[in-house]
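Participant: Here's a structure for you.
We did not get these values from a lab; they are worked out from the coordinates using the rules stated. Everything numeric here is computed off the predicted structure, so don't read it as measured data. Ideal geometry is used to build each Cβ from the backbone, glycine not excepted, and the neighbour counts take in all protein chains shown.
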Amino acid sequence: MGDLPFVFMISSPQIAPTRFDNHITRTLGSLRGHFLDENAYARMLAKGDVLVYEVYEVHRPEVPGELQVGMSIVHPGKVGSEFFMTKGHFHQVLDTGELYYCLRGEGFMVMQTPEGEVAVEALAPGRVLYIPPRWAHRSVCTSRQEALATFFVYPGHAGHDYGTIEQDGFPKLVMEGAGGIEIIDNPRWRKDR
Ligand code: PAN
Ligand code: ZN
C-alpha cells in the first residue's frame, strides 16, 4: 500500500510550513565565493555569520513519480551592493523542471542553461514561475524589510549539482545601483574554468 494523502499549510501567519522534515539554514560563511565583492564579504563575515536563507523540505523518496516540495526563504540584505541570494544549482538529473510560487517579499530568479542562455524573472506574491528542465536557478531577495518566501515543487529524483555554479557563477547579478535595482553582467562568469 502507498502513502496516504496529506495536507499542510503554507499560508499560516508564521513563515514556515506547518509540516516539514528538514530545516536547512545557510549562513554567510557557507556562501564563500558566491558574491562578487570578496572584500565586502570578508568584512561582513568578520562582524558575524548572519543567516542568508533557509529551506523547509518535506522529504519524499528520491524516485521518479514522487515530488519534492517545500519553502525557500531568502532574508533581506546585501554583500557590498549585491543582494542576498541562494547558492543556485542545476538539477543533477538535468532534464527535470521546477515550479516556484511566490508567497511573500520581492526578488528575482536568475536562470541559465548549460549552453549559457540566461533568463531573469521577477518574483512577487502571487507570481508562479515555471522553470523548464535544464535551467539552473538562484533566487535573490530585493525587498528591504521582508524575506522572499517561495513554495517549490520538483521531481523526486532531480538531485542537485552545486559544483557547476560554484565554478562558473551565473551570467547576471542583481545589484543595488545608483538608480535602484540593477541586473548586470557578471564580470567573473565562467572566468575560473
Ligand atoms: C529549492 C532550493 C532552495 C535553496 O528547494 O534548493 O531554494 O537553494 P539552493 O539549493 O540553491 O541552496 C530548489 O530549487 N530545489 O531544487
Ligand atoms: Zn531546484
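Participant: Which distance in nm do the two modelled labels at Asp185 and Ala46 give, with both placed 7 Å along the Cα-to-Cβ direction?
Facilitator: Using points 7 Å along Cα→Cβ, the separation is 3.3 nm.
Participant: Based only on other Cβ atoms within 10 Å, what is the fewest-to-most ordering of Phe35, Phe84, Phe8, Phe20? It would help to have the intermediate numbers written out before the result.
Facilitator: Working: Phe35 22, Phe84 26, Phe8 12, Phe20 16.
Ordered by Cβ neighbours within 10 Å, fewest first: Phe8, Phe20, Phe35, Phe84.
Participant: Along Cα→Cβ, 7 Å out, is where each label goes; now give me the distance between the ones at Arg193 and Leu99 in nm to one decimal.
Facilitator: My value for the distance between the label points is 3.4 nm.
Participant: Counting Lys and Arg as +1 and Asp and Glu as -1, each charge on the Cβ, what is the dipole of the chain about the Cα centre in debye, to the nearest 20?
Facilitator: 400
Participant: Can you run the Rg to Rh ratio on the chain? Use alpha carbon positions and the Kirkwood inverse-distance Rh. If you can, show how the numbers build up before the last one.
Facilitator: On the way: Rg = 16.5 Å, Rh = 17.2 Å.
Ratio of gyration radius to Kirkwood radius for the chain: 0.96.
Participant: Enumerate the lysines that Lys172 could reach by cross-link, defined here as Cα to Cα under 26 Å, with residues fewer than 8 away along the same chain left out.
Facilitator: Lys78, Lys87, Lys191
Participant: Please give the contour-minus-distance gain from Arg144 to Glu176: 0.36 nm per residue of separation, less the Cα-Cα distance, rounded to one decimal in nm.
Facilitator: Stretched fully, the Arg144-Glu176 segment lengthens by 10.4 nm.
Participant: Take every Cα pair under 8 Å in the chain that's 6+ residues apart, average their separations, divide by the length, and report that relative contact order as a whole percent. If you can, show how the numbers build up before the last one.
Facilitator: On the way: 453 pairs, mean separation 42.8, N = 193.
22 percent.
Participant: Give me the angle, in degrees from 0 to 90, between the Cα long axis of helix 38-47 and the longest principal axis of the Cα atoms of the chain, rounded to the nearest 10.
Facilitator: That works out to roughly 70 degrees.
Participant: Could you pull out which residues in segment 88-125 have an amide N less than 12 Å from a spot 7 Å beyond the Cα of Leu67, following the Cα-Cβ vector?
Facilitator: Output list for this probe position: 98-101.
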